[in-house]
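K.L.:
One structure, as structure tokens, below. Some questions next.
The values are calculated or read from the model by the stated rules, or taken from the named source; none is laboratory data. Keep in mind that what you see is a predicted model, and the values were worked out from it rather than measured. Here Cβ is always computed from backbone atoms with ideal geometry, including for glycine, and neighbour counts include all displayed protein chains. These area figures cover heavy atoms from the full protein model, side chains too; ligands, DNA and RNA do not enter into them. Shrake-Rupley method; radii C 1.70, N 1.55, O 1.52, S 1.80 Å.
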Amino acid sequence: MSCMGRSPSMKKPLNKHTNLECFLDCVTPRVPSQHLPKSCIGDLNSLWNPQSKEMVEYFTLGDLWDCFDEWSAYGTGAPVVLNNGESVVQYYVPYLSAIQIYTSKSLASSPSSSTTRSPREESSDHAEFETDSWSDDSDGEKLSLSFSSNNSSKFWDAVSDDSNFDHQESSWPMRDRLGFLYHQYFEMSAPYWRVPLMEKVTEMSRTYPGLKTLRSVDLSPASWMAVAWYPIYHIPTGRTVKDLSACFLTFHTLSSSFQDPLPEDEENDMSSDCVKGRNSKIGIPLPPFGLATYKMNGDVWVQPDAGDYERIDTLQSAADSWLKQLRVQHHDFNYFVSRSTCYAM
């Protein structure tokens, strides 16, 4: 299966949605869905998936990565209206910043099932990569919506109620809720040493084949990924727009527990303004629940009267809360936040 293509229109958008909203829509993967019949729903973890549904919609991780295949090779375009009214399409390449996959059953064949290590331990191996290790001018130049699910609230309430919760223990009292850690990865290198997301996932799947075969219904609500988006070029070319050097870090959940369908009228409304030429009703959308920004200078990306400051603050707070509740030290997030010029938390 493959995800639907995106062909941003070169015509000036109607300005109904802000540049920031359009960017978030353009980097939202919409994954081809499959349906699990009711007869199989009983086999799922009842804490993660409702048992009352007649049919459960899900996707495979392999189909999710297919969404990033073309983006990794050519970039994904986000329409941007400049302050002078001109319209350009800014292209971004995705890089895997972090990922944690928790499953309902221990996958004994995976290396991580016997050598599971906490995110804190992972980070300690790379202590030399402090947040000051990247040059402010090197990364972008060398490379040239809210989190409010009822299911998520119930899940984290349950986690908070368990006073024994500790990711550094080899045997977790919360395993029935968090699941088994199948694989985790945290990027620590400078941006210009990284490979695009699809290449990184292909490399990791040779050791962890479940990265291609696992289903979203098999994943714990604690499963997530962060994607770093770096600008490469814009069309039309031939002009220098400093405000378009902004970099973004988006957070996405991977479990079916958080797949609340976007209202059809809202999704169609957004697509007609931001991204032309695709059928937005096809596939399961995985919009960012968290966000961090870097090099967001000027006011191209932020329209104060449209609530962009509040939107960024809400998304960054959601990402920060998520990482704290999982007790994760995320290098890219810390770096972006420490250098954010758009606002202060």
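K.L.:
Anything in region 190-236 that is assigned to a helix (DSSP H, G or I), under 26 Å from HIS35 (Cβ atoms) and of a type in the set (D, E, K, R)? List them, or say none.
P.N.:
Scanning region 190-236 gives LYS212, ASP218.
K.L.:
Please tell me if PRO79 is open to solvent by less than 10 Å² (accessible area, probe 1.4 Å) and modelled with pLDDT under 75.
P.N.:
No.
K.L.:
Pairs under 9 Å by beta carbon, first residue among the small types (Gly, Ala, Ser) in region 325-338, partner not in a loop (DSSP other than H, G, I, E, B), six or more apart or different chains?
P.N.:
Hits for this filter: SER338/THR131; SER338/ASP132.
K.L.:
So which of ARG194, ARG206, ARG175 is at pLDDT below 95, basic (Lys, Arg) and out of contact with any Pro (no Cβ under 8 Å at 6 or more places or on another chain)?
P.N.:
On the way: ARG194 fails: at pLDDT below 95; ARG206 fails: at pLDDT below 95.
On inspection, the qualifying residue turns out to be ARG175.
K.L.:
Hey, another quick one. Tell me which of these HIS126 doesn't satisfy, since it passes every other one: (1) in contact with a Cys (Cβ under 6 Å, 6 or more places away or on another chain); (2) modelled with pLDDT under 65.
P.N.:
(1) is the only condition that HIS126 fails.
K.L.:
Follow-up question, since we're still on this one. So if I check each of SER317, SER272, SER257, which one is at pLDDT below 80, under 20 Å from the mean Cα position of the chain (by Cα) and either of a type in the set (S, T, N, Q) or part of a loop (DSSP other than H, G, I, E, B) (or both)? Don't jump to the end; show me each part of the working.
P.N.:
Working: SER317 fails: at pLDDT below 80; SER272 fails: under 20 Å from the mean Cα position of the chain (by Cα).
So the residue among SER317, SER272, SER257 that is at pLDDT below 80, under 20 Å from the mean Cα position of the chain (by Cα) and either of a type in the set (S, T, N, Q) or part of a loop (DSSP other than H, G, I, E, B) (or both) is SER257.
K.L.:
Could you check region 305-334 and list, in sequence order, the residues that are touching an Asp or Glu at 6+ places or on another chain (Cβ under 9 Å) and farther than 16 Å from SER223 by Cα?
P.N.:
ALA306, ASP308, ARG311, HIS331, ASP332, PHE333, listed by residue number.
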